[in-house]
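Below: one structure, written as structure tokens.
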Amino acid sequence: MTITPSARRVAPTLEAVAAAAGVSRSTVSRVVNGSSQVSPEVLSAVQGAILALNYSPNRAARSLANNRTLVIALVIPEEASRFFGDPYFAAIVQGITRELDNSDYVLTLQLAQSRPSEKTIRYLTGGNVDGALVVSHHSDNAFLETLQETMPVVYNGRPMRFDTVRAPTQSAYFVDVDNAAAAARGTQYLIDRGRERIGIIAGPPDMPAGADRAEGSLRALSTAGRSIERVTYGDFSQVSGARAMRELLDRFPDLDSVFVASDLMATGAVSVLRERGRSVPGDVAVVGFDDSPAASSGDIQLTTVHQPSEAMGAKMAQMMLSLLRGEPVEHQCIMQTHIVERDSA
């Protein structure tokens, strides 16, 4: 059947909602825009009319009226394969979108890589978004400074000092955990269970989480009088974890445990241990970090440091919405971690 233009459903208008609620058009507009200058009775009537008519505000008109785009950018300075292959990102994005679902804002994804194209930078700074949420940034992401100069920015993780003279680290807004303390706690877990020859697979030193987790785990080893020589580095991916585990075993075949700075790297490490005929946790105990789905998806489930990734994403979105409303916001929010005990240690 062919649907003619006249047969198509006509979207309800602001005037139709006003007529159904028995109020003026301006009153409906105030309700739609979140104004508190309406009585509870009027608010209830207008909301009932909106539901009954299935009215959806015109985003373009509202953004023009408010001089806003009603768009928030999610900026990921990583390759697409890294973003889609790491469950940590999924948890962060789930928290962000859950919070934004209750607002007028939509989220747009920008996989910016470490040095994004001029087109990406022009888009982000050209008035197309109202703010930016940045996840997985590196020390050489100098373009982030430009973003901070043009819009509100909230980081997932403590911002590192960019490779520029002006680095507004002190004024940045971010949500994080105490990565150093959490990594120290994960390493201490192995020490407390009598492990003597403890290895460390650290994350990339050009990322805040990588640098802080390395510092915390090495500090725990040093305080306990354990050797700090058994250290190698990965990039938080499963492949790099496997590569790092091979390197550690080649250099230190007497290894009896390993703290790994991410669950994905830890799954790669476990696969190599089994490949080399080492039992987990009998021969080598393993502690990961994140408590992502990767920690519980394999045959050997990982003991790991839990960080509240989804809640961190939600808090980032809350901070951004508050900034966009012009409300006072604390510059940092540090969330809690804890050890989750499973099979690997």
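Table for the structure above
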{"read-out": "Filter result (buried (at least 24 other Cβ atoms within 10 Å of the Cβ) and either more than 18 Å from Ile339 (Cβ to Cβ) or without any contact (Cβ under 8 Å) to a residue 12 or more places away in the chain (or both)) within segment 247-266", "value": "Leu264"}
{"read-out": "Per-region count, segment 256-312, residues charged (D, E, K, R), out of contact with any Gly (no Cβ under 7 Å at 6 or more places or on another chain) and within 17 Å of Ser240 (Cβ to Cβ)", "value": "2"}
{"read-out": "Segment 273-307, residues that are free of Cβ contacts under 8 Å to residues at least 40 places away in the same chain and out of contact with any helix residue (DSSP H, G or I) (no Cβ under 7 Å at 6 or more places or on another chain)", "value": "Arg274, Glu275, Gly277, Arg278, Ser279, Gly282, Asp283, Ser297, Asp299, His306"}
{"read-out": "Residues of segment 104-136 satisfying the condition of being more than 18 Å from Glu310 (Cα to Cα), small (Gly, Ala, Ser) and either out of contact with any Leu (no Cβ under 8 Å at 6 or more places or on another chain) or outside any strand (DSSP E or B) (or both)", "value": "Ala112, Ser114, Ser117, Gly126, Gly127"}
{"read-out": "Segment 316-345 residues that are free of Cβ contacts under 8 Å to residues at least 24 places away in the same chain, paired with ones that are surrounded by fewer than 11 Cβ atoms within 10 Å (Cβ to Cβ) (beta carbon under 9 Å, 6 or more apart)", "value": "Ser322/Pro328"}
{"read-out": "Candidates Ser297, Ser279, Ser257 - the one that is under 25 Å from Arg82 (Cβ atoms) and hydroxyl-bearing (Ser, Thr, Tyr)", "value": "Ser297"}
{"read-out": "Enumeration of residues in segment 286-345 that are small (Gly, Ala, Ser), surrounded by fewer than 17 Cβ atoms within 10 Å (Cβ to Cβ) and outside any helix (DSSP H, G or I)", "value": "Ser297, Gly298, Gly326"}
{"read-out": "Residue within segment 280-291 that is at pLDDT below 95 and within 21 Å of the chain's Cα centre (by Cα) present", "value": "yes"}
{"read-out": "Lone unmet requirement of (1) modelled with pLDDT of 80 or more; (2) buried (at least 19 other Cβ atoms within 10 Å of the Cβ); (3) assigned by TED's automatic domain parsing to the domain that holds Val75 for Asp104", "value": "(2)"}
{"read-out": "Selected residue (criterion: modelled with the lowest pLDDT) from residues of segment 84-100 that are under 17 Å from Met265 (Cβ atoms) and crowded, with 19+ Cβ neighbours inside 10 Å", "value": "Asp86"}
{"read-out": "Selected residue (only one of Ala269, Ala244 is among the aliphatic types (A, V, I, L, M), in contact (Cβ under 8 Å) with a residue 60 or more places away in the chain and in contact with a strand residue (DSSP E or B) (Cβ under 9 Å, 6 or more places away or on another chain))", "value": "Ala269"}
{"read-out": "Sole residue being at negative phi and within 25 Å of the chain's Cα centre (by Cα), chosen from Ser271, Ser344, Ser297", "value": "Ser297"}
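The values are calculated or read from the model by the stated rules, or taken from the named source; none is laboratory data. Being a predicted model, the structure only gives us computed values, none of them experimental. In this analysis, Cβ positions are derived from the backbone assuming ideal geometry, glycine residues included, and neighbour counts consider all displayed protein chains.
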